[in-house]
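Here's the structure, in structure tokens; my notes come after.
The values are calculated or read from the model by the stated rules, or taken from the named source; none is laboratory data. Owing to the predicted nature of the structure, the values given are computational and were not obtained by experimental measurement. Don't worry about glycine lacking a Cβ; one is built from the backbone with ideal geometry, like all the others, and counts go over all protein chains shown. Protein only, heavy atoms only, side chains kept; ligands, DNA and RNA dropped before computing areas. Shrake-Rupley method; radii C 1.70, N 1.55, O 1.52, S 1.80 Å.
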Amino acid sequence: MALPLHPFQPYLLKSLRDYRADNLGHDLAAGLTVGIVALPLAMAFAIASGVKPEAGIFTAIIAGFLVSALGGSRVQIGGPAGAFIVIVYGIVAKYGLANLLLSTIMAGVLMFVMGLTRLGSLIRFIPVSIIIGFTNGIAVLIALSQIKDFFGLSIPGSVPAEFFALLRTLAAHAHTAHVPTIALAASALAVVVAWPRLTGAIRGRFRFLARLPGSIVALALATLAAAALQLPVETIGSRFGGIPQALPAFALPAFDWQTARNLVAPTLTIALLGAIESLLCARVADAMIDDRHDPNQELMAQGVANVVGPFFGCIPATGTIARTTTNVRSGARSPVAGMIHALTLLAIVLVAAPVARHVPLAALAAILAFVAFNMGEWSEFARLRQFSVPYRITMVSTFVLTVVLDLTVAVEVGLVLACLFFIYRIGSLTSVEAIDPAGLPPRTVGYRLFGSLFFGAVGKLEALVTVADGTPMRVLVLDLHHVINIDTTGLDTLDAIRRTLARRGIALLLCDVHAQPRSLIQRAGFAAALGPDNLLQDLDAALARARAIVAADAAEAGRA
């Protein structure tokens, strides 16, 4: 049987069928707004990831355009994301920038295949406890990664990616904190936090200022203050030499199979995180615009963006909740808004790139600290007492492992814990209830089974065999009316019970078997081994069959 593949149908094609001038006006306004919002975030994410700021901007331009043009959501905005900071920083520190680009390309291929083979819907099965756990963990790591630039610490070389080594390094250099840098970072953070409240008081001709995002205002004010006061703070220019005033040329990353084999773990991490983030972002957007995205098409678009981007020096890209939310609130009507956002960033690079060299890194650190705080769902920790113990263990374990080890281990352990707790819960719902003996024929014992007869609950079946010990039982009736499904382990246990009872001269009768258990019983040959007369339609038929067996035994004993 051929594997059904998902057709490549970008949402943009659907949107353009009835596109009007009014839609273009809304998309243009939204795209310009999101482009301005994306500029400081793209630079900040890149710097925090251990790469040059232009890598973040190029990712927002190239990957952002492709995600909007080819994606399955009407308003999704793609680009560098805060969730990738820790992952990218770790890969660059361990494998180098060239291997990061190679990992991103391979992850893009994997994401495209996931969408093509309709695996996008499976991402929705990841428990919310795991998602909250790793999201909060990533937020903590982002905040920790900004301490150096926020406080102006003088740390030679690169900051370690490993959690405990990072804490030791920060503690060892805490005495190098730089007062002007701290003052500038704190002021920028105050502007970002207070700007939404301040804009509510703006009236008259200056009302247009209310449309400016707080991050841009903080960045501009910090840059002007640093230049006017000649503050001795580190800037993009002093660390990176500025931003190129053009897009990078196409270049082939170095590739060999030996290196590729060593990049399996980074590739899987980028693909998994990119898929989760993009589809979560699309679901948030769906709730805001009362629409439904195509998860498989979205994954294919993310795959294309992450395959193409690294050939132009881009880092991993995914859907971004903050920019997508801004896009929706700015009135976006179609994917055209996301494409305009990318073109807006391109225009800024071509025109204003020289100005970026004066941007203080402390201001970008303040913006990222604000992003990290808003990224985490901290209230969920306070609400833990309202949830079950398995939920608490899964969420806290995922959070701690994300912070202390890495995201891949955290998600793997979280999924294993979630599966084990699920098996335990379903197994606990499986029960065995004795049928009132007053309604049963002589020498007959009956039970009603409830729930699912699967590998996690077969222990409750095995106890039925001991019922025959020391009793004159001739027939055991099992009513399966409340059994929703049986797996092969459950069926094997039933067959073991049948064989044990047969050796003791006891007949096993099954009745009221639903479609799924009956299908497996027939296909596995258990029905033939049980005997067609012992698989009954309902309980009454099973009791009639039990009476016939007991009566036949009595008649045979009389003849003897």
Using a 1.4 Å probe, what is the accessible area per residue for the range 356-468, in Å²?
49 Å²
Compute the FRET efficiency between A434 and A496 as 1/(1 + (r/R0)^6), taking r as their Cβ-Cβ distance and R0 = 22 Å, and round to the nearest 0.05.
0.60
Please give the solvent-accessible surface of E556 in Å², to the nearest 10, using a probe radius of 1.4 Å with every protein chain present.
110 Å²
Roughly how much of I138 is accessible, in Å² to the nearest 10, using a 1.4 Å probe?
10 Å²
The range 17-101 - percent relative contact order, Cα under 8 Å, separation 6 or more
24 percent
Can you list residues from other chains, or at least 5 along the same chain, whose modelled amide H is less than 5 Å from the amide H of H482?
L449
Relative contact order [Cα under 8 Å, 6+ residues apart], the chain, whole percent
23 percent
How big is the gap, in Å, between the Cα center of the range 1-63 and the Cα center of the range 78-103?
20 Å
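Give, as a single signed number, the net charge of other residues whose beta carbon lies under 14 Å from the beta carbon of R239, with Lys and Arg counted +1 and Asp and Glu -1.
On the way: positive: K52, K148, R357; negative: E54, D149, E234.
Net charge in that neighbourhood comes out at 0.
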Can you bin the range 238-390 into rounded, prolate or oblate? Criterion: square roots of the alpha carbon gyration tensor eigenvalues sorted a ≥ b ≥ c, rounded for a/c under 1.5, prolate for a/b above b/c, oblate for the rest.
rounded
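Given a cut-off of under 8 Å on Cα pairs at least six residues apart, what relative contact order in percent is computed for the range 98-250?
16 percent
Rounded, prolate or oblate: which one fits the chain, using the alpha carbon gyration tensor with axes a ≥ b ≥ c (rounded when a/c is under 1.5, else prolate when a/b beats b/c, else oblate)?
Working: a/c = 2.87, a/b = 2.45, b/c = 1.17.
Taking the square roots of the gyration eigenvalues as a ≥ b ≥ c, the chain is prolate.
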Could you name the lysines whose alpha carbon sits less than 19 Å from that of K148, not counting residues in the same chain fewer than 8 places away?
K52
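Quickly rank 247-254, 34-41, 451-458 as a protection proxy: mean count of other C-beta atoms within 10 Å, highest first. Show your work: numbers first, answer last.
Details: 247-254: 11.6, 34-41: 26.2, 451-458: 20.1.
Put in order of decreasing packing, that is 34-41, 451-458, 247-254.
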Whole-Å distance linking the alpha carbon centroid of the range 394-421 with that of the range 307-346 is 30 Å
Quick one: angle between helix 407-429 and the longest Cα principal axis of the chain, in degrees between 0 and 90, rounded to 10, please.
30 degrees
Separation in nanometres of the label points that stand 7 Å from Cα toward Cβ, at I426 and M288
3.6 nm
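Can you compute the FRET efficiency between L212 and V351 using 1/(1 + (r/R0)^6), with r the Cβ-Cβ distance and R0 = 22 Å? Round to the nearest 0.05. Walk me through the numbers before you get to the answer.
On the way: r = 18 Å, r/R0 = 0.82.
For L212 and V351, the calculated efficiency is 0.75.
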Could you give each residue of the range 548-558 its phi-based ³J(HN,Hα) in whole Hz, using Karplus coefficients 6.51, -1.76, 1.60 with θ = phi - 60°, and x for Gly or Pro?
5, 5, 5, 5, 5, 4, 5, 5, 5, 5, x
Could you tell me which of rounded, prolate or oblate describes the range 52-204, using a ≥ b ≥ c as the square roots of the eigenvalues of the alpha-carbon gyration tensor, with rounded for a/c under 1.5 and, failing that, prolate when a/b is larger than b/c and oblate otherwise?
oblate
Label-point separation (nm) for Q245 and R503, each offset 7 Å from Cα along Cα-to-Cβ?
9.0 nm
Relative to the longest principal Cα axis of the chain, at what angle does helix 97-116 sit, 0 to 90 degrees, rounded to 10?
50 degrees
Using the alpha-carbon atoms, what tilt in degrees (0 to 90, nearest 10) does helix 179-199 show relative to the longest principal axis of the chain?
70 degrees
Give me the one-decimal nm value for the distance between modelled label points at F311 and H514, 7 Å along each residue's Cα-to-Cβ direction.
5.2 nm
Given a Förster radius of 56 Å and the C-beta distance between K14 and V389 as r, what FRET efficiency does 1/(1 + (r/R0)^6) yield to the nearest 0.05?
0.75
Using a 1.4 Å probe on heavy atoms of the protein chains only, the accessible area for H514 in Å², nearest 10, reads 70 Å²
How do the peptides 14-26, 396-408 rank, highest first, by the average count of neighbouring beta carbon atoms within 10 Å per residue?
396-408, 14-26
When every protein chain stays in place and a 1.4 Å probe is rolled, D540, D290, D487 sorted by accessible area with the largest first are D290, D540, D487
Which percent of the accessible heavy-atom area of the range 335-392 goes to carbon and sulfur, probe 1.4 angstrom?
69 percent
Table column - 3J(HN,Hα) (Hz), the range 22-32, Karplus curve with 6.51, -1.76, 1.60, x for Gly and Pro
4, 5, 4, x, 5, 5, 5, 5, 5, x, 5
